[in-house]
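Below: the structure, in structure tokens.
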Amino acid sequence: MISLPKSPLLYAVTQTVANLAKPVGQAVVTQTEKIVVAPQRLVQTSYAMSKLTPTGADRVSVSLCSPAQVRFAHTDVQVPDFSAYRRDGTKDSRASSAPTAAKRQAFTYMFVGGGTMAGAYAAKTVVGEFVSSLSASADVLAMAKIEIKLADIPEGKNMTFKWRGKPLFVRHRTAEEISTEQAVDISQLRHAETDAERVKDPEWLVLLGICTHLGCVPLANAGDYGGYYCPCHGSHYDASGRIRKGPAPLNMEIPEYEFPEEGLLIVG
Amino acid sequence: MSFLNKVYQAVFRRTSTFALAVVTGAFFFERGFDQGAEALFRYVNRGKLYEDVKHQFGGAGEEEEE
């Protein structure tokens with residue numbers, strides 16, 4: 001007789017194996033008691049598991065006419081199906097996966113490489129932001145000077161430079177513009193300044209490119225007076241940077257500048 | 001299949017070539033990412049950018065220099 005705990009962890013097959021004793025007489029078929037295995041129950045909690053796990057000593061008693069041996073078979077224990085998680089090359093358990101290994105590795109490394117690529121870009125951006133934050137502080141910039149080679153600016157052109165964080169206009173005026181600005185009747189101006197007050201060298205107009213209305217950056221060579229035009233609220237400046245029309249109250253500001261030598265301008 | 005195989009054998013197998021591929025890839029990735037972000041910005045803000053309204057102010061020939 002076999003007594004088995006009621007456990008789904010232990011399975012038994014009712015297979016009898018002849019013992020080695022030779023039969024004394026003619027073999028007689030006897031009815032043996034069938035081993036009843038409890039049906040498997042769904043174990044979901046550790047408590048249920050502890051109740052089902054066999055504890056203590058299991059006893060097996062053997063008699064002449066009962067099965068002498070009980071083999072615990074594991075062949076019917078179901079292996080979970082992982083095929084949903086497997087790659088195509090490893091789904092068939094009988095086929096060798098070695099020939100397709102490179103394909104799977106290339107796929108994996110592609111993701112690793114792509115992630116590293118994006119990470120390198122992000123790291124570069126972070127470092128760049130950090131390093132640029134170490135640039136000159138505001139008090140240093142406030143003392144900044146800018147050196148401009150005047151030969152780079154052709155006649156009739158306006159060039160914009162960045163100076164102390166503001167746009168700096170340097171205009172190479174044509175002879176026509178110079179004569180026009182010098183001939184302007186000051187009494188007609190909102191902010192009366194002669195052209196001679198605004199330039200050191202009539203050929204070169206140096207001014208801060210900030211509209212005196214609300215601080216937009218005017219456009220060069222535009223507007224009704226051929227100088228500057230502010231697109232924000234329509235202020236017209238002439239080629240001397242004086243306000244002629246529109247809402248701005250003052251002429252555009254002239255910074256400190258000097259010509260230390262021929263063809264060189266230093267602002268600041 | 002054979003293409004991935006070749007890529008693996010040529011690039012991913014050795015750390016040196018893998019790192020080189022990452023660095024060169026990052027260069028192009030940066031370009032692509034920046035240009036893509038710029039294009040997206042321009043698409044989202046189309047009609048509001050200065051380039052779109054520039055013609056309203058006449059031919060303002062202006063040159064920039066830092």
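Overview of results
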read-out: Residue in the range A:220-237 that is farthest from the chain's Cα centre (by Cα), counting only those that are modelled with pLDDT of 85 or more and either among the basic types (K, R) or buried (at least 21 other Cβ atoms within 10 Å of the Cβ) (or both); value: A:Y237
read-out: Residue in the range A:188-197 that is within 13 Å of chain B (Cβ to nearest Cβ), in a helix (DSSP H, G or I) and surrounded by fewer than 16 Cβ atoms within 10 Å (Cβ to Cβ) present; value: no
read-out: Qualifying residue in the range B:15-27 (condition: closer than 30 Å to A:L219 by Cβ, at pLDDT 85 or above, in a helix (DSSP H, G or I) and within 11 Å of chain A (Cβ to nearest Cβ)); value: no
read-out: Selection status of A:V60, closer than 30 Å to A:V37 by Cβ, in contact with a strand residue (DSSP E or B) (Cβ under 7 Å, 6 or more places away or on another chain) and modelled with pLDDT under 75; value: yes
read-out: Meets criteria (more than 11 Å from chain A (Cβ to nearest Cβ), in a helix (DSSP H, G or I) and either closer than 28 Å to A:F161 by Cβ or at pLDDT 85 or above (or both)) for B:Q35; value: yes
read-out: All helices (runs of 4 or more DSSP H) inside the range A:83-182 with 2 or more residues being under 40 Å from the mean Cα position of the chain (by Cα), farther than 20 Å from B:V22 by Cβ and more than 9 Å from chain B (Cβ to nearest Cβ); value: A:101-133, A:138-142
read-out: Close pairs from the range A:132-154: first within 18 Å of A:P255 (Cβ to Cβ), partner of a type in the set (F, W, Y), Cβ under 7 Å, at least 6 apart; value: A:A144/A:W163; A:I146/A:F161; A:I146/A:W163; A:I148/A:F161; A:L150/A:W204
read-out: Residues being surrounded by 13 or more Cβ atoms within 10 Å (Cβ to Cβ) and either more than 46 Å from the chain's Cα centre (by Cα) or within 14 Å of A:E197 (Cβ to Cβ) (or both) - total across the range A:259-268; value: 1
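The values are calculated or read from the model by the stated rules, or taken from the named source; none is laboratory data. Being a predicted model, the structure only gives us computed values, none of them experimental. Reconstructed Cβ throughout: ideal geometry from the backbone, glycine too, with neighbour counts over all protein chains shown.
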